[in-house]
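Just below is one structure, and these are the notes that go with it.
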Amino acid sequence: MEEMYGIKYSKPEVVLLQDTGIGVAESAARTCYDSFENSENEVVKKIEYQMPDDEMCDELNAIGDSKLLDDLAWTYFHHSILEHANLSFLVRGTSRGVLQEHARHRLQAISVRSTRYTMSGIINAFVASKHGGDRDFFIDKVLSFDMLVTADEDYNRLEIGGMYDKLDFQSKKVEDFHSIAVAKSSIPLIQEHQGNPQALFNALQAGKKKRNVGDAFKHIITDNVKVDMVVTFNLRSLKNYFSLRDSGAAFFQIRWLAKEMIKVTPQKYLDLIIKQK
């Protein structure tokens, strides 16, 4: 938890899911210079005269240090060879605002929790609130989802209240709100649980989800909503990401994320992309 500009925020969590090692990057560099025999890593020397088998590939991917890569990274700035190493991170609890910042980094693979498919809980809470509940029912229910990066309950009640107000406005503008809010098979549940918002909410949650429900309701959420994502960078792109985002000039939430990613990045990669102080 951290406070910025008078508002408390939760910070993201990061796990390194996989990394491909630096051995392939050294092999790529030595292919450029035809210098396999100069490697301090025996398995790289073998590539001079032997096509790698599975055992050699395992050894290659286990390499923890390479003087050549260090020279190329910090003396000759031959960074293209770093593109042969890849790292994948699971990120939980960053914000949609950070997602927009992330999208500016071109060379990455990114898969993000979709609001098109994952907004049913919010919409079900609203439908239940209109059939026996009230605005406070909606706010309390959505507050329990822990879906905002802001961590001040009073502020979050304002934010969620804004969601309710936008949904309420929209519900009065369309001819049949329920047809865009819940699956056809769940519509009878509304009459069945009329006057009991908690029972209706539970029934809607247990029922079939409306496909692409977020299409009609993306407008109700803000950059404050948490997102989960998996991102994969090659090492050269990760160097660029860290240099820009682990900086006092960066948006504070993406700076927090970059710092968490650095914490889980093995030292053998950091040695090649972050200048030691």
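The values are calculated or read from the model by the stated rules, or taken from the named source; none is laboratory data. Note that the structure is predicted; figures quoted are calculated from it, not measured. All Cβ positions, glycine included, derive from the backbone under ideal geometry; neighbour counts span all protein chains shown.
Tell me, yes or no, whether the range 122-134 has at least one residue that is of a type outside the set (D, E, K, R) and within 30 Å of Y241 (Cβ to Cβ).
For the range 122-134, residues of a type outside the set (D, E, K, R) and within 30 Å of Y241 (Cβ to Cβ): absent.
Suppose we keep only residues that are of a type in the set (D, E, K, R) and out of contact with any Phe, Trp or Tyr (no Cβ under 7 Å at 6 or more places or on another chain) within the range 20-35. Which one would you say is farthest from E48 (Cα to Cα)? So that I can check it myself, show each step before the final result.
Restricting attention to the range 20-35, the residues satisfying the condition of being of a type in the set (D, E, K, R) are 26, 30, 34.
The next check asks that each one be out of contact with any Phe, Trp or Tyr (no Cβ under 7 Å at 6 or more places or on another chain); those that pass are 26, 34.
Details: E26: 13, D34: 8 Å.
So, considering only residues that are of a type in the set (D, E, K, R) and out of contact with any Phe, Trp or Tyr (no Cβ under 7 Å at 6 or more places or on another chain), the one farthest from E48 (Cα to Cα) is E26.
Using beta carbons and a limit of 6 Å, which pairs, at least six apart or on different chains, have the first residue in the range 159-179 and more than 11 Å from V142 (Cβ to Cβ) and the second one not aromatic (F, W, Y)?
K166/I220; F177/S171; H178/I187
When you go through R255, R245 one by one, which is the residue that is in contact with a Lys or Arg (Cβ under 7 Å, 6 or more places away or on another chain) and modelled with pLDDT of 95 or more?
Numbers: R245 fails: modelled with pLDDT of 95 or more.
The match here is R255.
Is it true that Y269 is in contact with a Phe, Trp or Tyr (Cβ under 7 Å, 6 or more places away or on another chain), part of a helix (DSSP H, G or I), in the same structural domain as Y76 (by TED's automatic domain parsing) and buried (at least 17 other Cβ atoms within 10 Å of the Cβ)? Steps first, please.
Working: in contact with a Phe, Trp or Tyr (Cβ under 7 Å, 6 or more places away or on another chain): no; part of a helix (DSSP H, G or I): yes; in the same structural domain as Y76 (by TED's automatic domain parsing): yes; buried (at least 17 other Cβ atoms within 10 Å of the Cβ): yes.
When the stated conditions are applied, Y269 does not pass them.
Among the residues of the range 219-241, is any without any contact (Cβ under 8 Å) to a residue 40 or more places away in the chain and more than 22 Å from I22 (Cβ to Cβ)? Break it down into steps so the answer makes sense when it comes.
Just the residues of the range 219-241 that are without any contact (Cβ under 8 Å) to a residue 40 or more places away in the chain, to begin with: none.
No: zero hits.
Of the residues that make up the range 182-195, is at least one buried (at least 17 other Cβ atoms within 10 Å of the Cβ), hydrophobic (A, V, I, L, M, F, W, C) and within 29 Å of I110 (Cβ to Cβ)?
Checking the range 182-195: not a single residue is buried (at least 17 other Cβ atoms within 10 Å of the Cβ), hydrophobic (A, V, I, L, M, F, W, C) and within 29 Å of I110 (Cβ to Cβ).
One line per residue, one yes/no per condition, for (1) exposed (fewer than 15 other Cβ atoms within 10 Å of the Cβ); (2) more than 17 Å from Y241 (Cα to Cα):
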position: T31; (1), (2): yes, yes
position: M56; (1), (2): no, yes
position: K67; (1), (2): yes, yes
position: L72; (1), (2): no, yes
position: H84; (1), (2): no, no
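Counting only residues that are surrounded by fewer than 22 Cβ atoms within 10 Å (Cβ to Cβ), under 18 Å from the mean Cα position of the chain (by Cα) and not in a helix (DSSP H, G or I), how many does the range 226-259 have?
Looking only at that region, the number is 9.
Can you go through S144, S129 and tell me which one is of a type in the set (G, A, S), in the same structural domain as N202 (by TED's automatic domain parsing) and surrounded by fewer than 20 Cβ atoms within 10 Å (Cβ to Cβ)?
Details: S129 fails: surrounded by fewer than 20 Cβ atoms within 10 Å (Cβ to Cβ).
The unique qualifying residue is S144.
Which condition number in (1) closer than 24 Å to F233 by Cα; (2) at pLDDT 90 or above; (3) not acidic (D, E) is the one that M51 fails?
(1)
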